[in-house]
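Below: the structure, in structure tokens.
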Amino acid sequence: MNYRVLEFTGQIKDPRRKQGQRFPLEPLLIIILMGILSGSQSIKGLARFAKSNEEELTEQLKLKHGVPKFNALRDFLNHLDASLLAICFMSWVKSYHPDWDDEFISFDGKAVKSTVSGGNTSLQNFVAVVSAFGHKSGMVYGMEGYENGKSAETQCVRDLIEKLGLNDKVITLDALHTKKKLLISS
């Protein structure tokens, strides 16, 4: 089966200026996607992936200047609309994944390690991520991040449910989401 990986990039606008672009948009996205699927979890990891596969990537993607280095990847990713990229990629995956239509979806929030500021005070702040997980498919439908000092997991979950359009689905949540006010407004 031919998965045509570039299908999902159609809606993504290149955030870079035209002047000085050494790497076209599609090869950059492919290198990033391949790096992530190969286990890279940081920009340095993506740069290492590109460097260790430089010969194959340069040949297959027809790159004139070799593979992008750390600075090129960092600059590109800093300006890229990550939410749009995730939505486009997930809709592409959905078109090929036979078990996508899960009936049961779990939502859970997790704090991101080493993001705590304010220590053990009432002003404590940290970054957290809420994910929507399909029981049948084992797929993550979507993720949304928030800072607990500025938002709350409950609001983030409601936003994610709306964004993903999860009608006619059974949703499981933590007890945190059973506040009477939240149930009435949902």
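Values quoted throughout were computed directly from the atomic coordinates according to the rules given, and no laboratory measurement underlies them. In this text, all values refer to a predicted model and were calculated from it rather than measured experimentally. Note: ideal-geometry Cβ built from the backbone for every residue, glycine included; neighbour counts use all protein chains shown.
Rounded to the nearest 20 debye, what is the charge dipole size of the range 99-185 about its Cα centre when +1 sits on each Lys and Arg Cβ and -1 on each Asp and Glu Cβ? Spell out each step's value before the answer.
Values: 10 positive and 12 negative charges, 89 e Å.
Rounded to the nearest 20 debye, it is 420 debye.
Just for the Cα atoms in the range 5-95, what are the lengths along the principal axes, largest first, rounded to whole Å?
Computed over the Cα atoms, the extents are 31, 31, 23 Å.
Quick one: net charge around Ser117, please, counting Lys, Arg +1 and Asp, Glu -1 for every other residue with C-beta under 15 Å from its C-beta. The partial results should precede the final answer.
Details: positive: Lys113, Lys150; negative: Glu147.
My count for the surroundings of Ser117 gives +1.
Only one of the values (i) 15.1; (ii) 20.0; (iii) 13.6 was calculated from this structure for mean projected area of the Cα convex hull in nm²; name its label.
(iii)
Would you be so kind as to identify which of Ala82, Gln19, Ser95 lies farthest towards the positive end of the dipole of the chain, taking Lys and Arg as +1 and Asp and Glu as -1 on Cβ and the Cα centre as origin?
It is Gln19, whose Cα lies furthest towards the positive end.
For the chain, find the longest principal axis of its Cα atoms and tell me its angle to the long axis of helix 43-52, 0 to 90°, nearest 10.
Helix 43-52 and the main axis of the chain meet at about 30 degrees.
Net charge within 13 Å of Phe70 by Cβ-Cβ distance, Lys/Arg positive one each and Asp/Glu negative one each, not counting Phe70 itself? It would help to have the intermediate numbers written out before the result.
On the way: positive: Lys44, Arg48, Lys51, Lys69, Arg74; negative: Asp75.
My count for the surroundings of Phe70 gives +4.
Report the net charge of residues surrounding Pro24, where surrounding means a beta-carbon distance below 11 angstrom and charges are Lys +1, Arg +1, Asp -1, Glu -1.
Values: positive: Arg16, Arg22, Lys62, Lys64; negative: Asp14, Glu26.
Neighbour charge sum, excluding Pro24 itself: +2.
Dipole of the range 5-95, Cα-centred, from +1 at each Lys and Arg C-beta and -1 at each Asp and Glu C-beta, to the nearest 20 debye? Before the final figure, lay out the partial values.
Working: 13 positive and 9 negative charges, 74 e Å.
With Lys and Arg at +1 and Asp and Glu at -1, about 360 debye.
Hey, fewest Cβ within 10 Å first, where do Ser151, Ser40 land in order? Provide the component values of the computation, followed by the final result.
Numbers: Ser151 14, Ser40 18.
In order of increasing Cβ crowding within 10 Å: Ser151, Ser40.
Based on other C-beta atoms within 10 Å, arrange Lys113, Lys136 from fewest to most. Don't skip to the end; give the middle numbers.
Numbers: Lys113 8, Lys136 12.
The most exposed by this proxy come first: Lys113, Lys136.
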